[in-house]
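Structure record follows, encoded as structure tokens.
The values are calculated or read from the model by the stated rules, or taken from the named source; none is laboratory data. Note that the coordinates shown come from a computational prediction; the quantities given were computed from them, not determined experimentally. Note that we place each Cβ from the backbone using ideal geometry, even for glycine, and neighbour counts take in every protein chain shown. Side chains included, ligands, DNA and RNA excluded: accessible areas come from the protein's heavy atoms. Shrake-Rupley method; radii C 1.70, N 1.55, O 1.52, S 1.80 Å.
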Amino acid sequence: GELIESRDNAILGCHALSGAARVGDWWPQLFGHNGIFDLTRDCVICVNAIGSCYGSTGPNDVNPATGRRYGGAFPLVTIRDWVNSQARLLDHLGITRLRSVIGGSIGGMQAIQWAIDYPERIGSCVAIGAAPLSAMGLAFNHLQRQAIINDEKWRGGDYPADDPPSKGLALARGIAMTTYKSSELFTERYGRNLNRNGEDPLRSLTDRYDISGYLDYQGDIFNQRFDANSYLIITRAMDNFHPGLGYNSEIEALHRIQAKVLLVGSSSDWLFP
């Protein structure tokens, strides 16, 4: 979509952990052809999160202070950092108010932070499957980071681009995929079926059930498109999200909200129950 002269028809889409700025690629049902939003009326903007590996500054970029890649020395970032960077971009574009901010998972956290920190700048907030992580969510994220850090190829985050900690990142992704689905869905799709390539776990310790093959496949293809250090940075930002941070209380923070708010949850979600 295009910005109109008054610059008040913009919608900000906020991506999830492994997403990127090309919101039309991963949310075609909302913004693509015949999507929910009307691209003849709305202008959709999405910004890659700082620390990710799809465009904005991240661990693979060169630290101007040292002349070397940031690697494991990349600073921690927060949901609020991302929101503030988005606000500065909108200032640069001359957009003072958004029609809506919308996101899922960690993108939904950003939408909520927008409603709190910039109450006068958004008309509505749509957060899908997003809330401060429970102890169970923190546990899952911890195990994912440990899988990466304990890979001998992580090297404190200073691994070469052609030899990353691929086993650790693949395992982290497999753990994550179990939190994005439900027990009911796994039963329906995979049950106790043997892996579809003919492996037989009754005969070999390394042969797999179908669900195991699925998780390993997800880890393999994730290595082709994501960076381990970015994964560490983003999952820590997810851990640290809480609406009350920076305010005297959560109640004070939530009372700042002026936008219409739509919160969408899933009854079978493990990460955001």
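Before moving on, here are some points about what is shown:
- Rg/Rh (Cα only; Kirkwood hydrodynamic radius) as it applies to region 173-241: 1.07
- Alpha carbon centroid spacing (whole Å) that separates region 93-127 from region 213-273: 15
- Accessible heavy-atom area order of Val47, Val83, highest first, probe of 1.4 Å: Val47, Val83
- Between 0 and 90°, nearest 10: helix 135-149 axis offset from the chain longest Cα axis: 60
- Kirkwood hydrodynamic radius of the chain, from inverse mean 1/r over distinct Cα pairs, in Å: 20.1
- Other residues whose C-beta falls under 13 angstrom from the C-beta of Ala131 contribute a net charge of -3, scoring Lys and Arg +1 and Asp and Glu -1.
- Most mobile listed residue (Gly32, Gly13, Gly67) in the chain, GNM with C-alpha springs under 10 Å: Gly67
- Tyr247 paired with Ser266, simple spin-label distance in nm, labels 7 Å along Cα-to-beta-carbon: 2.8
- Computed log10 I(q)/I(0) for region 200-273 at 0.12 Å⁻¹: -0.67, from the Debye equation with unit scatterers placed on every C-alpha and solvent omitted.
- Where the Cα pairs of region 42-130 fall when distances are cut into 5 Å bins, in %: 3, 14, 22, 23, 16, 11, 8, 4, 1
- Cα-only radius of gyration and Dmax that characterise region 103-232, units Å: 18.2, 63
- Within the accessible area of region 191-273 (1.4 Å probe), percent carbon and sulfur: 51
- Between 0 and 90 degrees, the angle of helix 79-93 with respect to the longest Cα principal axis of the chain falls at about 50 degrees.
- Quarter of the Cα convex hull surface for region 30-180, i.e. its orientation-mean projected area (nm²): 11.3
- In range of the label at Thr66: residues from region 214-256 whose backbone nitrogen is under 19 Å from the point 7 Å along Cα→Cβ: 227-234
- Per-residue accessible area (protein heavy atoms, 1.4 Å probe) orders Glu250, Glu2 as Glu2, Glu250, starting from the largest.
- Order of exposure, largest accessible area first, which applies to Arg192, Arg41, Arg203 with probe 1.4 Å: Arg203, Arg192, Arg41
- In the distance distribution for region 13-91, Cα-Cα pairs more than 20 Å apart total 43 percent.
- Summarising the strand pairing of the chain, around 15 percent of its internal DSSP beta bridges are antiparallel.
- In plain terms, if you count all Cα to Cα distances in region 70-119 and split them into 5 Å steps from zero, the share in each step is 5, 18, 27, 23, 13, 8, 5, 1 percent.
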